[in-house]
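A.B. asks: For reference, the structure I am asking about is given below.
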Amino acid sequence: MGEPAYRAGQVMKWIWGQGIGDFDLMTNITKNLRAKLNNDFQVLWPLVKQAETSVDGTTKFLLRLADGRVIESVIIPAGDHYTQCLSTQVGCPMGCVFCSTGKMGFERNLTSGEISSQIIAARHYLIGKNDPLPVSNLVFMGMGEPLLNWTQVKKALEIIRAADALNFSRRKVTLSTVGVRDKLTEFGDSKLALTAVSLHAPEQSLRKRLMPAAAVYELDELIACLENLPLAPRERITIEYVMLKGINDSLSHARDMVRILSRVKCKINLIKYNPGHEPGFESSDHETIGAFQDFLRSRGFTVMLRKSMGADIDAACGQLKARYADN
Ligand code: SF4
């Protein structure tokens, strides 16, 4: 636009740092540039179409994008802050059989702006509620497989990390993936965020049954990639494992996990399944999860049990949008 470069930083700060999309409010920018910006650009935040808050404080948003499509985002209270779960696609092509989003199929990729502005939408909502708790941790675990939309996700991560934009440090941002050939390595090399991998089964045939897209990126290849991912000295890859009753929760599965993860620098997150509306899947019971966790711990793994949050508001991925679509 023929303007000095520092002006771009100023506009970035207003939009992403302050969440202000009205160019006329950008007071340190010349009148002339404001007029040019008004002429050529528009800032379109996603609209909060619906917000539901659980008894545990989790709030799930249905956000409407400029083209009328709807995505989900969730904020989960964690002590002195919220962790926000971001979507990267409208729907998802991965087809995981236990996931409501997987059932919807794929509509389109989100742009980097649509991904990052979910954070601004949540911040605006919290300001409106006089809620002082900051959104200070992010997980890319909402609708969609982030690495299938790597070009836009990478740009979004750059906005999220940039000091004159959203300014999150790397250790506050985690990207969760089923695993996508080549893109996982590119993501690891970018060092833009921490890595989480949805494993959910310790052998290829079961994994393929639960996550059909895993057929094209075999478990052996995925594990080999994780063994070689560049990590900071004390950093660990998070292995996500949803506990499905009678399907992947036996001690034999735990034994297989130990075997395949023996050379991966990782910690394991066991997730209580949030049943929602998917027929045929139930969460493993308390004792089974305990035994599974104890076995992995006895083999030297760090294992955490992630609580299922927001069960009363359909907070698992895709559930609220599915209900909205049904209505
Ligand atoms: S679990 Fe994640 S990757 Fe699988 S279908 Fe659902 S949104 Fe897609």
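Each value in this text was obtained by applying a stated rule to the coordinates, not by laboratory testing. Because the structure is a prediction, the values reported are computed rather than measured. As a convention, Cβ positions derive from the backbone with ideal geometry for all residues, glycine included, and neighbour counts pool all protein chains shown.
A.B. asks: Determine the gain in length on full extension of the stretch Leu25-Asp285; use 0.36 nm per residue of separation and subtract their C-alpha separation, reporting nm with one decimal.
C.D. replies: 88.2 nm
A.B. asks: Any number yet on Rg/Rh for the chain, C-alpha, Kirkwood?
C.D. replies: In the chain, Rg relative to Rh is 0.99.
A.B. asks: Using a 7 Å offset from the Cα along the Cα-to-Cβ direction at both Met1 and Glu235, what is the distance between the two label points in nm, to one decimal?
C.D. replies: Here the modelled spin labels are 3.5 nm apart.
A.B. asks: Put +1 on the Cβ of each Lys and Arg and -1 on the Cβ of each Asp and Glu in the chain; which of Leu37, Val258, Ala66 then has its Cα farthest toward the positive end of the dipole?
C.D. replies: Result: Leu37.
A.B. asks: So which of Lys49/Lys103; Lys49/Lys191; Lys103/Lys267; Lys191/Lys265 end up more than 24 Å apart, counting from Cα to Cα?
C.D. replies: With Cα atoms farther than 24 Å apart: Lys49/Lys191; Lys103/Lys267.
A.B. asks: Provide the FRET efficiency to the nearest 0.05 for the Arg181-Ser205 pair, computing r from the beta carbons and using R0 = 22 Å.
C.D. replies: 0.70
A.B. asks: Can I ask one more? Under a Cβ-only charge scheme (Lys and Arg +1, Asp and Glu -1), can you give me the dipole magnitude of the chain about the Cα centre, in debye to the nearest 20?
C.D. replies: Here the chain has a charge dipole of around 640 debye.
A.B. asks: Between Asp80 and Met304, what FRET efficiency follows from the Cβ-Cβ distance if R0 is 22 Å, with the result rounded to 0.05?
C.D. replies: 0.70
A.B. asks: Something else: Report ³J(HN,Hα) in whole Hz for each residue of the range 235-249, in order, from the Karplus equation J = 6.51 cos²θ - 1.76 cosθ + 1.60 where θ = phi - 60°; Gly and Pro get x.
C.D. replies: 6, 10, 6, 8, 9, 8, 9, 7, 8, 10, 3, x, 10, 9, 10
A.B. asks: Also, I was wondering about something else. Toward the positive end of the charge dipole of the chain, about the Cα centre and with charges on Cβ (Lys, Arg +1; Asp, Glu -1), which of Thr27, Leu47, Ile15 goes farthest?
C.D. replies: Of Thr27, Leu47, Ile15, it is Thr27.
A.B. asks: For Ile271, Ile20, Ile160, which order do you get if you count the other beta carbons within 10 Å of each Cβ and list the fewest first?
C.D. replies: Placing the least packed residue first, the sequence is Ile20, Ile271, Ile160.
A.B. asks: Taking every alpha carbon pair in the range 1-43, what does the distance histogram look like in 10 angstrom bins from 0, in percent?
C.D. replies: Pairs per bin, as whole percents: 29, 66, 5.
A.B. asks: Can you compute 3J(HN,Hα) from phi for each residue in the range 65-72, using the Karplus curve 6.51 cos²θ - 1.76 cosθ + 1.60 with θ = phi - 60°, rounded to whole Hz and x for Gly and Pro?
C.D. replies: Going residue by residue, I get 8, 4, 8, x, 6, 10, 10, 10 Hz, with x marking Gly and Pro.
A.B. asks: Compute the distance in nm between two label points, each set 7 Å from the Cα along the Cα-to-Cβ direction, one at Arg170 and one at Glu227.
C.D. replies: That separation, rounded to one decimal, is 2.4 nm.
A.B. asks: Next question, about the same structure. Using a cut-off of 15 Å between alpha-carbon atoms, which aspartates and glutamates can reach Lys208, once sequence neighbours fewer than 8 places away in the same chain are excluded?
C.D. replies: Glu218, Asp220, Glu221
A.B. asks: Then there is this: Counting other C-beta atoms within 10 Å, which of Met94, Met143, Met1 has the fewest, and how do the rest follow?
C.D. replies: Met1, Met94, Met143
A.B. asks: Taking 7 Å along the Cα-to-C-beta vector as the label spot, tell me the Lys155-Asp56 distance in nanometres, rounded to one decimal.
C.D. replies: Modelled inter-label distance: 3.5 nm.
A.B. asks: Amide H neighbours of Thr174 under 5 Å, at least 5 residues apart or on other chains, H built in the peptide plane: list them.
C.D. replies: For Thr174, the qualifying residues are Leu138, Val139, Phe140, Leu194.
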